[in-house]
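Visitor: My questions will all concern the structure given below.
Every read-out reported here was derived from the displayed coordinates using simple, explicitly stated rules and does not represent laboratory data. Here the structure is a predicted model, which is why all the values come from computation and not from measurement. Note that we place each Cβ from the backbone using ideal geometry, even for glycine, and neighbour counts take in every protein chain shown.
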Ligand code: G3I
């Protein structure tokens, strides 16, 4: 029992520390107000960046806004494979160097975009069919490019857009098709060797909605990388939004990724029609997450945007500030309000052993499907028996599925299930010192049906009675 209390306490301390860190990080912003995006972001230790095209640096309007407002730059196209290595072994860093030189002359930092991407990939790469050849070509490209820019890049988009839309799986690409799932991990390891000081990001679009399959796929990958020590430091959320702006649960997404121990960055923000409210809300989302390191918009003036006709940026075609600009500046200066705490666990996990049965709370067949009903099974330490308690009293398995009472039922005898964590009271549990686990929504105890002890016995909620089939200990 003593051990269980320690585990629970650790979870709460971690959450409290995060909350304090978030508040402290925001303190200076209350006292100071700056008049440009970069300076205002810097007050809270963040950056505000833009994509830059080398060919536009000679345009006075463009460059004057760039150097006045932005302290982070992403090369819009100049560090992509088709420019950098148009034929095998022939490297062209001229356009990228031009942008880096500009950044260095104006005190701006750089994000590196991007080493491994199926887009803007020359056909000599996409036509490779032999795994050894492609592995060598990919690693040589990463090593040569990152080494060339070593010491000049704050963060690299090591792998870009590798997941398929509407799916938890990788998209088809020459890298995926020829090298298999391991290509992402290999790319990150190669990048780390080339420049151990640069932050290494995975970057993608349509991963802002926590309920999207693609978001869950990327989340699982990052969680796995962190668990296995694969080098990853940050996740880039491109944030190409429609006119309504961010999905309502983007704050939850950012909090959950940050809780994995990575920085989060908004890397290519643009919003159709650039509503001031929508822009302000996105900035607030970042401000409310301590590990949101900064925001990059994907271009300066509307005329610089890849989204022709959508006017999605902060400056109009003439370089004048739009209403959205003011909303962004204001939001960057506002004190952070505590955003949603992570809905997934950062605390230690372990088995929950039934005191009466000696067997563990178990998801049958390691199912990850919402609605899978729980049982007891021999304790085996596998992932389908690893439960951790979040600061908001959820018991979480697989990092994002919660112990859940179906349909918020309050009836004794209702079998419990797993369901995607959503913060409901039917997913909150009071784990008591006497070993009982009480549903916050139902007021009933987690119970092994009929005081059974066999593998496969169902687990339900039942009126608390203090019996051994309602007591649980940590393995
Ligand atoms: O420079 C050539 C020009 O010489 C040629 O005549 C002309 C013909 O169309 O093309 C010009 O190249 C264009 C290039 O941008 C530079 O302007 C390409 O066609 C055009 O496809 C390319 O578009 C870029 C796009 O990525 C391609 O994938 C956009 O500028 C760039 O903003 C966009 O950025 C991507 C991010 O890297 C990843 N996330 C999505 C984002 C938006 O698509």
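Visitor: Based on Cα positions only, what radius of gyration and what Dmax would you give for the chain, in angstroms?
Guide: Radius of gyration, then largest Cα-Cα span, for the chain: 24.7, 78 Å.
Visitor: Something else: Can you give me the distance in nm between label points at residue 171 and residue 63, each placed 7 Å from the Cα along the Cα-to-Cβ direction?
Guide: 3.5 nm
Visitor: So how do 249-260, 123-134, 296-307 stack up, highest first, on mean other-Cβ count within 10 Å?
Guide: Descending packing order for the listed peptides: 249-260, 296-307, 123-134.
Visitor: What angle, in degrees between 0 and 90 and rounded to the nearest 10, separates the Cα long axis of helix 60-69 from the longest principal axis of the Cα atoms of the chain?
Guide: It works out to around 40 degrees.
Visitor: Rounded to the nearest 0.05, what FRET efficiency is calculated for residue 132 and residue 227 with R0 set to 41 Å and r the Cβ-Cβ distance?
Guide: 0.90
Visitor: Whole Å is fine, so just give me how far the alpha carbon centre of segment 226-285 lies from that of segment 194-213.
Guide: Computed from Cα coordinates, the inter-centre distance equals 10 Å.
Visitor: Suppose only helical runs count, i.e. DSSP H with n ≥ 4. What mean residue ellipticity at 222 nm does that imply for the chain under -39500 (n - 2.57) per run, divided by all residues and rounded to the nearest 500 deg cm²/dmol?
Guide: Calculated mean residue ellipticity at 222 nm is -10000 deg cm²/dmol.
Visitor: Tell me the label-point distance for the pair residue 449, residue 140, using the 7 Å Cα-to-Cβ offset, in nm and rounded to one decimal.
Guide: About 6.2 nm, to one decimal.
Visitor: Separate question: For the Cα atoms of the chain, what angle does the longest principal axis make with the long axis of helix 94-105, in degrees from 0 to 90, nearest 10?
Guide: Roughly 80 degrees between the two axes.
Visitor: Taking the Cα centre of each part, how many Å lie between segment 287-310 and segment 112-126?
Guide: 22 Å
Visitor: How would segment 352-474 be classified by its alpha-carbon gyration tensor: rounded, prolate or oblate, with rounded meaning a/c under 1.5 and the a/b versus b/c comparison settling the rest?
Guide: rounded
Visitor: Tell me the angle of helix 2-31 to the major Cα principal axis of the chain, expressed in degrees between 0 and 90 and rounded to the nearest ten.
Guide: Helix 2-31 sits roughly 30 degrees off the main axis of the chain.
Visitor: Let me ask something else. Could you please state, rounded to a whole Å, how far the C-alpha centre of segment 39-101 is from the C-alpha centre of segment 129-169?
Guide: Segment 39-101 and segment 129-169 have Cα centres separated by 19 Å.
Visitor: Classify segment 80-238 as rounded, prolate or oblate from the Cα gyration tensor: take a ≥ b ≥ c as the square roots of its eigenvalues, call it rounded if a/c is under 1.5, otherwise prolate when a/b beats b/c and oblate if not.
Guide: It is oblate, given that a/c is not under 1.5 and a/b is not larger than b/c.
Visitor: Here's another thing I want to ask about it. Taking the beta-carbon count within 10 Å as an exposure proxy, list 189, 228 from fewest neighbours to most.
Guide: Ordered by Cβ neighbours within 10 Å, fewest first: 228, 189.
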